[in-house]
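Colleague: Let me give you the structure first, and then I'll get to my questions.
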2 protein chains.
Amino acid sequence: MRLRKIKNAKEKLEEYNRIIKFEPLEMKGNWKQYFNNDNPIYLEIGMGKGKFITDNALKNPSINFVGCEISESIMLKAARNIDPLTIKNLLLINVNASSLNDIFDKNEISKIFLNFSDPWPKNKHAKRRLTSEDYLNIYRNILIDQGIIEVKTDNRNLFEYSLIKFNEFKFKYIELSLNLHQVENEDIITTEYEEKFKRLGNIIYYIKVEI
Amino acid sequence: MRLRKIKNAKEKLEEYNRIIKFEPLEMKGNWKQYFNNDNPIYLEIGMGKGKFITDNALKNPSINFVGCEISESIMLKAARNIDPLTIKNLLLINVNASSLNDIFDKNEISKIFLNFSDPWPKNKHAKRRLTSEDYLNIYRNILIDQGIIEVKTDNRNLFEYSLIKFNEFKFKYIELSLNLHQVENEDIITTEYEEKFKRLGNIIYYIKVEI
């Protein structure tokens, strides 16, 4: 949990119905219609307070973005920061990643971002990691051919695990860094976590794969 | 170059003809006969002063080891440390790794070790890295089916490059560590370099792949 639970978050979320989609199951296969264009759709799973996806949406108006977050309190925090009049290419969904097959059709997504995902360090919880087999099968289903997955994390064990799983699934490594911020690069859009870890001098790992 | 060049190293090497094989081309396809047993053969490419391979040979008498080193001076240093009466399962060859196809037959090697190889940091020298395509093709040729390659290095760029190349060649990741010595493990046989880097607190990267 990244921030204190907000009381009645679920009810409070309803105010933000211009940015949050509450019936995502109805959207399956219809996302392009919702965005009202044919632009590719990028999905961030576990968007947290939304800095990364909002910055991305502002910087890339010809791409549509969907931010997925399971926690209502965190989702509320993100929604409060987004002005739907300014950002028309961004939509949020408050769902569990394991249900993504019910929300997106085959080939509906072009790229998936997994930023600083929960590492679930215990082996008995490995299945909950967002790069475990069941999730990779979901991603393979909703991504286009040669779709992209990008992972950033400061958790070494999660990164090692992800490299092994991507290799096992024969995903093609496109780009890899075992110390992303060694060289300052203005083009890298960061998350809230990442800014903190950069300041602390933590190593941040990065990989981009093609399915 | 890891140590000062020794004068007349080539001639001095000849004293060590019980441990160094000077006509390795004649050995192709005949290595098991030389070792006089059917044990698997493990090859270290760039063995340096030989601590790793000697420790390995002593610890694993039912495996044969071949140490390859291109520098005559370093080879001499290694040969001086090995007692051929005590260590019968180890042989050295003073050759360039690019000639390994001429020295080993298909399927003659079970495992290859690449320890702290020269990183060749410049892009224009990438072909000289021991995990570049031409070398991986050689390894694939001389290794048995499901043969193993193990890499240890403290060089981040070389390691990133190697991960990408192994993935490209569809080698299967068996084990991976982005900080090998975080937990002290007595079973890890170290090189001279590694001992120094451990003391300095450098990160050591490790991967074991199956071809």
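The values are calculated or read from the model by the stated rules, or taken from the named source; none is laboratory data. No experiment lies behind these values; they were computed from the predicted model shown. Note that each Cβ is placed from the backbone with ideal geometry, even for glycine, and that neighbours are counted across all protein chains shown. Side chains are part of the model used for accessible areas, which takes the heavy atoms of the whole protein and leaves out ligands, DNA and RNA. Shrake-Rupley method; radii C 1.70, N 1.55, O 1.52, S 1.80 Å.
Colleague: Where both residues lie in the protein assembly as shown, what percent of DSSP beta bridges are antiparallel, nearest 5?
Modeller: 35 percent
Colleague: Something else about it: Any idea how far the Cα center of the stretch A:39-83 sits from the one of the stretch B:153-199, in Å?
Modeller: For the stretch A:39-83 versus the stretch B:153-199, the Cα centre distance is 36 Å.
Colleague: Net charge within 10 Å of A:Leu43 by Cβ-Cβ distance, Lys/Arg positive one each and Asp/Glu negative one each, not counting A:Leu43 itself?
Modeller: Value of the local net charge: -1.
Colleague: Between copies, how close do the A:Lys122 label points come, placed 7 Å along Cα→Cβ, listed in nm from shortest?
Modeller: Its label point is 5.4 nm from the equivalent points in the other copies.
Colleague: If you roll a 1.4 angstrom probe over the protein chains with everything in place, what fraction of the accessible area of the protein assembly as shown belongs to carbon and sulfur, to the nearest %?
Modeller: Summing carbon and sulfur atoms, their accessible area is 45 percent of the total for the protein assembly as shown.
Colleague: Compute the label-point distances linking A:Glu133 to its equivalents in the other copies; points lie 7 Å from Cα along Cα→Cβ; give nm, one decimal, shortest first.
Modeller: Here A:Glu133 shows inter-copy label distances of 3.3 nm.
Colleague: When the Debye formula is applied to the Cα atoms of the protein assembly as shown, each taken as the same point scatterer, what base-10 log of I(q)/I(0) results at q = 0.10 Å⁻¹?
Modeller: Normalising to I(0) and taking log10 leaves -0.76.
Colleague: Run the numbers for B:Asn30 and B:Leu85: contour at 0.36 nm per residue of separation, minus the present Cα-Cα distance, in nm.
Modeller: Taking 0.36 nm per residue and subtracting the Cα distance, the gain is 17.6 nm.
Colleague: Take the alpha-carbon positions of chain A, form their convex hull, and give its projected area averaged over all directions (one quarter of the hull surface) in nm².
Modeller: Over every viewing direction, the Cα hull of chain A projects on average to 11.5 nm².
Colleague: For the stretch A:1-77, run through the chymotrypsin sites (Phe, Trp or Tyr not before Pro) and keep only the ones in DSSP coil with at most 15 other Cβ atoms within 10 Å of their Cβ. Spell out each step's value before the answer.
Modeller: Values: sites: A:Tyr16, A:Phe22, A:Trp31, A:Tyr34, A:Phe35, A:Tyr42, A:Phe52, A:Phe65; in loops: A:Phe22.
Of the chymotrypsin sites (Phe, Trp or Tyr not before Pro), the ones in loops of the stretch A:1-77 whose Cβ has at most 15 other Cβ atoms within 10 Å are A:Phe22.
Colleague: For the stretch A:76-211, give the share of DSSP beta bridges that are antiparallel, in percent and rounded to the nearest 5; count only bridges with both residues there.
Modeller: Bridges in the stretch A:76-211 that DSSP calls antiparallel: roughly 65 percent.
Colleague: Report the net charge of residues surrounding A:Leu25, where surrounding means a beta-carbon distance below 15 angstrom and charges are Lys +1, Arg +1, Asp -1, Glu -1.
Modeller: -3
Colleague: Something else: Grab every C-alpha pair in the stretch A:128-198, bin the distances at 10 angstrom width from 0 up to the longest one, and report whole percents.
Modeller: With a bin width of 10 Å, the distribution comes to 16, 48, 31, 5.
Colleague: In nm to one decimal, list the spacings between the B:Gln33 label point and its equivalents in the other copies, with label points set 7 Å along Cα to Cβ, shortest first.
Modeller: Ordered by increasing distance: 7.6 nm.
Colleague: Another question, then. Quick one: which of B:Lys51/B:Lys111; A:Lys127/B:Lys208; B:Lys122/B:Lys196; A:Lys152/A:Lys172; B:Lys127/B:Lys165; B:Lys51/B:Lys170 span more than 20 angstrom between C-alpha atoms?
Modeller: A:Lys127/B:Lys208; B:Lys122/B:Lys196; B:Lys51/B:Lys170
Colleague: Any chance you could look up the accessible area of A:Val183 with a 1.4 Å probe, heavy atoms only, rounded to 10 Å²?
Modeller: Probe radius 1.4 Å; accessible area of A:Val183 about 100 Å².
Colleague: Sticking with this structure for a sec: At 1.4 Å probe size, with every protein chain present, just tell me what the per residue accessible area of chain B comes to in Å².
Modeller: Solvent-accessible surface per residue comes out at 50 Å².
Colleague: Another one. Would you calculate, for the protein assembly as shown, the mean residue ellipticity at 222 nm contributed by helices, counting each DSSP H stretch of 4 or more residues as -39,500 (n - 2.57) and dividing by all residues, to the nearest 500?
Modeller: Numbers: 14 runs with 120 residues, N = 422.
Per the formula, -8000 deg cm²/dmol.
Colleague: Along Cα→Cβ, 7 Å out, is where each label goes; now give me the distance between the ones at B:His125 and A:Lys7 in nm to one decimal.
Modeller: 6.6 nm
Colleague: Take every Cα pair under 8 Å in chain A that's 6+ residues apart, average their separations, divide by the length, and report that relative contact order as a whole percent.
Modeller: Working: 363 pairs, mean separation 43.7, N = 211.
Relative contact order comes out at 21 percent.
Colleague: Take every Cα-Cα pair in the stretch A:64-187 and report what % of them are more than 20 Å apart.
Modeller: 51 percent
Colleague: While we're looking at this one, here's another question. Specify the longest stretch of chain B that does not include any exposed loop site, a site being one of the GluC sites (Glu not before Pro) with a non-H, G, I, E, B DSSP assignment and at most 10 other Cβ atoms within 10 Å.
Modeller: B:1-183
Colleague: Could you pull out the trypsin sites (Lys or Arg not before Pro) across the stretch A:126-211 that fall in loop regions by DSSP (anything but H, G, I, E, B) with no more than 11 other Cβ atoms inside 10 Å?
Modeller: A:Lys170
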